[in-house]
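The block underneath contains the structure these notes are about, expressed in structure tokens.
The values are calculated or read from the model by the stated rules, or taken from the named source; none is laboratory data. Since the model is a prediction, treat every value here as computed from it, not as a measurement. Neighbour counts are summed over all protein chains in view; Cβ atoms, including those assigned to glycine, are modelled from backbone coordinates with ideal geometry.
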């Protein structure tokens with residue numbers, strides 16, 4: 001009689017997903033980590049063929065058959081497993097051939113964090129390029145009729161009858177002021193594409209100190225800014241003013257969302273610098289990179305916009321223009337770097353990575 005495979009205490013505790021397959025390739029056991037990874041309960045997984053869970057199952061089927069025939073003791077490979085209606089799984093697989101006739105094959109699946117990070121960065125860069133083109137085209141399309149509207153309002157104001165000038169001038173001034181406001185917005189949208197990239201030696205701690213002094217002068221009470229610097233971070237070539245603006249945009253956003261904590265006196269922003277080693281940015285491997293964090297203890301970014309915070313005109317704050325983070329990402333990308341974000345209630349960390357020489 002075959003012994004039933006129900007639970008394995010040791011495997012249940014593993015953080016990586018573990019599946020035991022019978023000779024037909026059907027799942028006879030799935031640990032809790034596998035349930036989480038595959039987003040399905042153990043009851044639903046057991047007795048289903050593993051290959052039926054994925055659209056592209058050729059590689060899995062091939063390696064299962066090889067394990068079944070004991071062509072290897074264990075085999076490792078990276079796979080992208082596509083699923084219906086869900087994100088593909090980027091996983092590192094370890095397939096082991098066992099001597100147990102009830103469960104001759106064990107498959108371990110670990111999410112390939114590095115590949116996920118590369119894919120996320122690539123998406124971010126592609127989105128940023130698309131945003132730049134959209135912004136540039138949209139801004140130019142808005143700019144021309146805007147000038148005509150303002151000019152027409154000025155001419156109309158000159159033609160107003162004297163007896164009604166005071167009350168009617170109020171309306172023309174609204175048109176002119178709103179046209180000017182939109183012009184300012186358009187200029188801000190175009191600013192990163194117009195400004196020359198002035199390259200020089202940059203000391204990142206001078207950048208951080210400049211930002212810190214600006215934030216402290218605007219928010220003198222109730223906000224503490226902690227410095228956690230690694231003074232071994234070397235100077236690098238870059239545009240100091242652009243980097244000041246990028247860091248300032250992030251830190252200023254943090255200070256504004258901390259308003260309730262500032263009133264309570266426990267608002268805190270931490271500026272941390274480190275050196276990251278062996279970093280891949282935009283598919284290029286760098287030996288060293290600046291690892292700069294701006295961390296706050298605010299309410300966190302609303303979950304519904306976390307994936308879109310670097311899009312233009314997306315803001316999680318009332319009255320926000322939604323341009324600060326877009327400009328910050330643009331400036332950092334001009335230094336071959338990237339900005340990442342990790343946010344939850346009570347903790348938001350914006351991480352800037354820039355290659356170092």
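Below are the figures for this structure:
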| read-out | value |
| --- | --- |
| Residue check, residue 345 without any contact (Cβ under 8 Å) to a residue 60 or more places away in the chain, exposed (fewer than 15 other Cβ atoms within 10 Å of the Cβ), within 14 Å of the chain's Cα centre (by Cα) and more than 24 Å from residue 229 (Cα to Cα) | no |
| Boolean, residue 255 is in contact (Cβ under 8 Å) with a residue 12 or more places away in the chain, in a helix (DSSP H, G or I) and either outside the structural domain of residue 350 (by TED's automatic domain parsing) or in contact with a strand residue (DSSP E or B) (Cβ under 7 Å, 6 or more places away or on another chain) (or both) | yes |
| The stretch 168-185 residues that are more than 15 Å from residue 149 (Cα to Cα), paired with ones that are exposed (fewer than 12 other Cβ atoms within 10 Å of the Cβ) (beta carbon under 9 Å, 6 or more apart) | 168/161 |
| Qualifying residue in the stretch 105-116 (condition: out of contact with any strand residue (DSSP E or B) (no Cβ under 7 Å at 6 or more places or on another chain) and modelled with pLDDT under 85) | yes |
| Only listed residue being in contact (Cβ under 8 Å) with a residue 12 or more places away in the chain, over 21 Å from residue 301 (Cα atoms), in a helix (DSSP H, G or I) and out of contact with any strand residue (DSSP E or B) (no Cβ under 8 Å at 6 or more places or on another chain), chosen from 248, 243, 214 | 214 |
| Residue satisfying all of: in the stretch 278-293; within 14 Å of the chain's Cα centre (by Cα) and within 21 Å of residue 208 (Cβ to Cβ); modelled with the highest pLDDT among these | 293 |
| Of the criteria (1) on the phi > 0 side of the Ramachandran plot; (2) assigned to a strand (DSSP E or B), which one residue 76 fails | (1) |
| Subset of the stretch 140-167 (residues that are more than 27 Å from residue 187 (Cα to Cα), modelled with pLDDT under 80 and surrounded by 10 or more Cβ atoms within 10 Å (Cβ to Cβ)) | 165 |
| Members of the stretch 207-223 that are surrounded by 13 or more Cβ atoms within 10 Å (Cβ to Cβ) and over 16 Å from residue 267 (Cα atoms) | 207, 208, 209, 210, 211, 214 |
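So that you can scan it fast, the table gives a plain yes or no per residue for (1) surrounded by fewer than 16 Cβ atoms within 10 Å (Cβ to Cβ); (2) in a strand (DSSP E or B):
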residue: 271; (1), (2): no, yes
residue: 285; (1), (2): yes, yes
residue: 295; (1), (2): no, yes
residue: 327; (1), (2): no, no
residue: 352; (1), (2): no, yes
residue: 357; (1), (2): yes, no
